[in-house]
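Take a look at the structure below.
The values are calculated or read from the model by the stated rules, or taken from the named source; none is laboratory data. Every value quoted in this text rests on a predicted model; they were computed, and no experiment measured them. Cβ: placed from backbone, ideal geometry, glycine included. Neighbour counts: every protein chain shown.
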């Protein structure tokens, strides 16, 4: 008790609401907590959580991790050949999105995309031979995240593919991502027909050349600035990328025109980008990866540094838990489906693109892109509410990314595992939905939540290490 | 007959709300049994016992499970619809007009909203209460744990953690406190004053605070410690901390300690701290030998009534302290008048209490006056009732005990169990006196005396009239208004005295007289 | 939601639970009056350490007065300071604890005193009560100059020669005359009477008594406040001269 004897009493009430009513009626002040058993009712998790609340060592580590994330400055530096520039990428290795998985367990779109990559690389000329390469182990697969890379949907990246190269001006870390093919029948949704392969070859030759030269000429493009501007223009840089694509194009065009490359090549490249409203997505993802890698590996930190799905499992990584993945079954997303499709056709949640939410963008910045809530029959007010709902589960705000609809407030960023478990508020993700069969493509979009199990696992891991 | 279940995944409502909903469902047309519960293991067992579900349901502890058993599918469907509507209606709605306001989801968020908070009041299910309390302590707040079913190991760990940052833990199983004049849990509205209380018993705290108020004095702070605090394992940690708080509190001049007799070592520690605290301390360790406690600055009290009187006298600065308390206000002629209509077979007392401490005090005093009494939780094991649902000889029951409250609300809130037992005892030709308490104040039933009066009226018929002796623990400032409550009881024909000790003494005298032969 | 970490906390500000009201807020600092009447000061990291100070690490350009409204209630819980109606939280945990400690190593020389060139012979008055009455509450500034000088005098007396009757008398009279000055000064003077001083004063005295550079400490002390530092330095020098029984007039001539 403090020294204000016989002054009023301020109480936080957990449990029976009538107790709070009594206090408020008799001259005190009570705030009633909208309480539910934490962690889905698991008593052991609840106890572990209690020991980590207001823990100085974790809070201090989070401060460091968050600071590193804030000061990261990802710069688009150029285009490179995946096999040449991605660290640890073997010449017979194919990268995929999400946490580790065996090739024979992958979902339809991912399998289709792997085969497509094998065909593109020329390691086989038909599916059966390709499958044999996988079976024998001559071709291996590995998570993009293990190689400083991120990829949307299937995220399939093979050695000959051109990749964006992003460098952190501050810390010098690097991040990579492939180039976005556009919509419809594309590799990342598992399509591997000759037309898909042909497009990939064009991207490898023409597009990569033009982009590589343009960026080289520019000396590097600041990605955060584009993202910050785009947030004012209706993008949230996960599911809404039209404005940011336009902004990127604006910067590239003058340099592209001065590359001295054949005018038709340049024209094709510009046309390609202009025709793809999601072209910027991959760049956004790589920038977010770069920012979060800067925050990773701070001992004792409970900050989430990756959220990713491989179409079978949903996994997260936490700064203070090293390279460990905390995984659970990926949910099937209930959203808005294109005509003639329904939830029965959907693949489970897929892709590394949740890295944008991990960095405080995408679903966390939904208030910047109210159009998204139409996927769940909501209103623009709902979009604002969802963004605000993320505030209690994050370490802080990223003032580099402000949102007009939040009174120009900064977006909530830095998911704290403890707070997710303690509040029951699961991080929100805006996502596209793929057909469960390879090659059909996107069949809808929706709003989903990161599964609680990942966070409770991470919490139990954090509680193992003595944190004083 | 049709039984339907419905699972609402990840929907949480507190136990009181759920009982109210269950109650409402049971009263719908065509419904035989109904229940809305959180699907914990324990609750599922209860449903299986009640024959509502036979197979294991795929529900998690975090899910809300509705089970309805009715005459036909139509009434069951209707009831299910009603159930869902009620559950939805219980949901907290954010302040209207504020898009961004939503209720805090945990203690930390609540603290950000109310940064001057001093205390967290925890009444969630016992399985989680310990963890919530730990969070509160780590956030720098005091804690009152109303919940029970927290392990004693957890209690010790919490109290040790609290000591590290000089925080107070009231509880677990602490039902009552008054801080800065605000009633917490089940508590009464009493006048402010200079008497402070630290109590291991909720109803004990209520009784002493109300009596102090009725004697014209007031309460500075009344702190609870929880029922197990003075066990050897817990060591009286909260009582000692409470003592120190009151010793340093400028507005407190007299301190009252209330508990059942502590473990010996613990009693020693507590009394040593009390004796040195610099203020007079009244000690009511129910049933303890007063001489054992006698030392400088310590004033042993034999009953809750005595404790209140001693405190008041000390507060007024009187040197001469009462040993002899006012009797219950009835003389021999009045007692004879009460006894004469009784048939010869009527010779026993049946104590039906809602407050555990009152029942305990009654057993102690009655043993002294008329010999040991039977109980579901007697003073010595040989007086345990073979069947707690059936009284034999002199019997005193704490109807708030776990044995009676399993799956039911506490008798201070819900009168039905006591009503049934009253009728049962009244019909028993051996019952001479039905002894009862009525506890008013916040948290209690809105009209407990009204309910009791209805039971008395129903029980009194023709020649089978036991004597009803009772008292009201409350003040006129309580929502129920103590005087009103007393009047209702008297109008129904009960003999109403001012506190438990008086009620028990009167009862003891009546039973003794009956035993001597009229 | 802005969360600042405290770099250092004065020994008297090392609390885990407290309540108060913001009674003054400026660019680089903010004063909180606690319910027990004492004063806490939050300041940016470029500030010096204080016995009741909390130095916070903040971004360049951070100003307390753009974030905290004057009169806001402040509450310390579990080592975290929150302000009602404001998004700011200051985390005191893990901050270095600064204790005002003075330990003389060697005696000063009269040259150290004279080198500053101040007129110190005005301090002819030796009666502590008159000295206090002449100085307390006098002059301009948030803390009146007279109080600053008095603080310097107290530093020399209470830290160097705590057992001398003149030192004890000086403290005693200061405590008796606290009503004659304002809130902020009152805290400073009552702390001074008990031997609690801000870091620049401790460093200055330590330098004079053999630990640290006299000139540098002097410059740091002169930089405190608008004119406070100068007045404090004058008080220290005069106090040391008195304690060491230097005859300033003879030397000056």
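Based on this model, can you work out whether residue A:253 counts as in contact with a helix residue (DSSP H, G or I) (Cβ under 7 Å, 6 or more places away or on another chain) and surrounded by fewer than 24 Cβ atoms within 10 Å (Cβ to Cβ)?
Criteria met by residue A:253.
Looking for something closer than 25 Å to residue B:186 by Cα and at pLDDT 95 or above - is there at least one such residue anywhere in region B:329-350?
no
Going by what's in this entry, would residue C:157 be described as over 11 Å from the mean Cα position of the chain (by Cα), buried (at least 24 other Cβ atoms within 10 Å of the Cβ), part of a helix (DSSP H, G or I) and touching a residue at least 12 places away in the same chain (Cβ under 8 Å)?
Against the criterion (over 11 Å from the mean Cα position of the chain (by Cα), buried (at least 24 other Cβ atoms within 10 Å of the Cβ), part of a helix (DSSP H, G or I) and touching a residue at least 12 places away in the same chain (Cβ under 8 Å)), residue C:157 qualifies.
I'm trying to understand the selection: among the residues of region B:13-35, which are out of contact with any strand residue (DSSP E or B) (no Cβ under 7 Å at 6 or more places or on another chain) and within 24 Å of residue A:39 (Cα to Cα)?
If the condition is that a residue be out of contact with any strand residue (DSSP E or B) (no Cβ under 7 Å at 6 or more places or on another chain) and within 24 Å of residue A:39 (Cα to Cα), then B:14, B:15, B:16, B:17 are the ones that fit.
Taking residue A:40 as the residue in question, decide whether it is at the interface with another protein chain (Cβ under 8 Å from one of its Cβ atoms) and over 29 Å from residue B:245 (Cα atoms).
yes
Taking region A:13-43, which residues are free of Cβ contacts under 8 Å to residues at least 60 places away in the same chain, assigned to a helix (DSSP H, G or I) and within 23 Å of residue B:8 (Cα to Cα)?
Within region A:13-43, A:17, A:41, A:43 meet the criteria.
Need the failing condition index for residue B:192 against (1) more than 20 Å from residue B:379 (Cβ to Cβ); (2) modelled with pLDDT of 95 or more; (3) in contact with a helix residue (DSSP H, G or I) (Cβ under 8 Å, 6 or more places away or on another chain), just the number.
(3)
Hey, can you tell me all the residues within region C:33-50 that are within 14 Å of chain A (Cβ to nearest Cβ) and in contact with a strand residue (DSSP E or B) (Cβ under 6 Å, 6 or more places away or on another chain)?
Selection gives C:33, C:34, C:35.
I'm trying to understand the selection: among the residues of region A:318-337, which are surrounded by 19 or more Cβ atoms within 10 Å (Cβ to Cβ) and under 29 Å from residue A:65 (Cα atoms)?
Once the filter is applied, which keeps residues that are surrounded by 19 or more Cβ atoms within 10 Å (Cβ to Cβ) and under 29 Å from residue A:65 (Cα atoms), region A:318-337 yields A:318, A:319, A:320, A:321, A:325, A:326, A:327, A:330.
Modelled with pLDDT under 90, buried (at least 17 other Cβ atoms within 10 Å of the Cβ), outside any helix (DSSP H, G or I) and not assigned by TED's automatic domain parsing to the domain that holds residue B:451 - does that describe any residue in region B:311-324?
The answer is no, given that none of the residues of region B:311-324 is modelled with pLDDT under 90, buried (at least 17 other Cβ atoms within 10 Å of the Cβ), outside any helix (DSSP H, G or I) and not assigned by TED's automatic domain parsing to the domain that holds residue B:451.
Return yes or no: is residue A:46 at the interface with chain B (Cβ under 7 Å from one of its Cβ atoms), assigned to a helix (DSSP H, G or I) and more than 25 Å from the chain's Cα centre (by Cα)?
yes
Among the residues of region A:369-408, which ones are surrounded by fewer than 18 Cβ atoms within 10 Å (Cβ to Cβ) and more than 13 Å from chain B (Cβ to nearest Cβ)?
Those that are surrounded by fewer than 18 Cβ atoms within 10 Å (Cβ to Cβ) and more than 13 Å from chain B (Cβ to nearest Cβ): A:371, A:374, A:376, A:377, A:399, A:404, A:408.
Any chance region A:298-312 includes a residue that's in contact with a strand residue (DSSP E or B) (Cβ under 7 Å, 6 or more places away or on another chain) and in a loop (DSSP other than H, G, I, E, B)?
The answer is yes; a qualifying residue exists.
Pick from region C:63-88 the residues that are touching a residue at least 40 places away in the same chain (Cβ under 8 Å), within 13 Å of another protein chain (Cβ to nearest Cβ) and more than 24 Å from residue C:187 (Cα to Cα): which of them is surrounded by the most Cβ atoms within 10 Å (Cβ to Cβ)?
C:78
Among (1) surrounded by 15 or more Cβ atoms within 10 Å (Cβ to Cβ); (2) within 14 Å of chain B (Cβ to nearest Cβ), where does residue C:58 come up short?
In the conditions (1) surrounded by 15 or more Cβ atoms within 10 Å (Cβ to Cβ); (2) within 14 Å of chain B (Cβ to nearest Cβ), residue C:58 misses (2) alone.
Which one of C:100, C:69 is in a loop (DSSP other than H, G, I, E, B) and either at pLDDT 95 or above or farther than 17 Å from residue C:196 by Cα (or both)?
One residue alone meets the criteria, C:69.
Residue check, residue B:252 against (1) more than 21 Å from the chain's Cα centre (by Cα); (2) without any contact (Cβ under 8 Å) to a residue 12 or more places away in the chain; (3) within 14 Å of chain A (Cβ to nearest Cβ), all met but one. Which one?
With (1) more than 21 Å from the chain's Cα centre (by Cα); (2) without any contact (Cβ under 8 Å) to a residue 12 or more places away in the chain; (3) within 14 Å of chain A (Cβ to nearest Cβ) applied to residue B:252, the lone miss is (2).
When residue B:138 is evaluated against the numbered criteria (1) over 17 Å from residue A:49 (Cβ atoms); (2) within 11 Å of chain C (Cβ to nearest Cβ); (3) out of contact with any strand residue (DSSP E or B) (no Cβ under 9 Å at 6 or more places or on another chain), which criterion, by number, is the only one it fails?
Of the numbered conditions (1) over 17 Å from residue A:49 (Cβ atoms); (2) within 11 Å of chain C (Cβ to nearest Cβ); (3) out of contact with any strand residue (DSSP E or B) (no Cβ under 9 Å at 6 or more places or on another chain), the odd one out for residue B:138 is (1).
Where in region C:161-253 are there helices (runs of 4 or more DSSP H), lying fully within it, with 2 or more residues that are crowded, with 21+ Cβ neighbours inside 10 Å?
C:165-176, C:183-193, C:199-208, C:214-222, C:228-243
Residues to consider are B:79, B:131, B:95; find the one that is over 32 Å from the mean Cα position of the chain (by Cα), at pLDDT 90 or above and either under 30 Å from residue A:425 (Cα atoms) or not assigned by TED's automatic domain parsing to the domain that holds residue B:178 (or both).
B:79
Output the number of the condition that residue A:35 fails; it satisfies all remaining conditions of (1) at the interface with another protein chain (Cβ under 7 Å from one of its Cβ atoms); (2) at pLDDT 95 or above.
The failed condition is (2).
Going through A:24, A:13, A:62 one at a time, which residue ends up being more than 8 Å from chain B (Cβ to nearest Cβ), farther than 30 Å from residue A:142 by Cα and at pLDDT 95 or above?
Sole residue among the options that is more than 8 Å from chain B (Cβ to nearest Cβ), farther than 30 Å from residue A:142 by Cα and at pLDDT 95 or above: A:24.
Restricting to region B:104-135, what's the tally of residues that are part of a helix (DSSP H, G or I), at the interface with chain C (Cβ under 9 Å from one of its Cβ atoms) and buried (at least 23 other Cβ atoms within 10 Å of the Cβ)?
The qualifying residues number 1.
Kindly indicate which of B:267, B:288, B:247 is within 14 Å of chain A (Cβ to nearest Cβ), out of contact with any strand residue (DSSP E or B) (no Cβ under 6 Å at 6 or more places or on another chain) and either assigned to a helix (DSSP H, G or I) or more than 24 Å from residue B:142 (Cα to Cα) (or both).
Exactly one of B:267, B:288, B:247 is within 14 Å of chain A (Cβ to nearest Cβ), out of contact with any strand residue (DSSP E or B) (no Cβ under 6 Å at 6 or more places or on another chain) and either assigned to a helix (DSSP H, G or I) or more than 24 Å from residue B:142 (Cα to Cα) (or both), namely B:247.
Residue under question is residue B:246, and the condition is that it be surrounded by 18 or more Cβ atoms within 10 Å (Cβ to Cβ) and farther than 16 Å from residue B:201 by Cα; does it hold?
Yes.
Residues are listed down the side, and each one gets a yes or a no for (1) more than 18 Å from the chain's Cα centre (by Cα); (2) crowded, with 20+ Cβ neighbours inside 10 Å:
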{"site": "A:67", "(1), (2)": "yes, no"}
{"site": "A:74", "(1), (2)": "no, yes"}
{"site": "A:80", "(1), (2)": "yes, no"}
{"site": "A:91", "(1), (2)": "yes, no"}
{"site": "A:100", "(1), (2)": "no, no"}
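Scanning region B:141-184 for residues that are within 14 Å of chain C (Cβ to nearest Cβ) and assigned to a helix (DSSP H, G or I), which turns out surrounded by the fewest Cβ atoms within 10 Å (Cβ to Cβ)?
B:164
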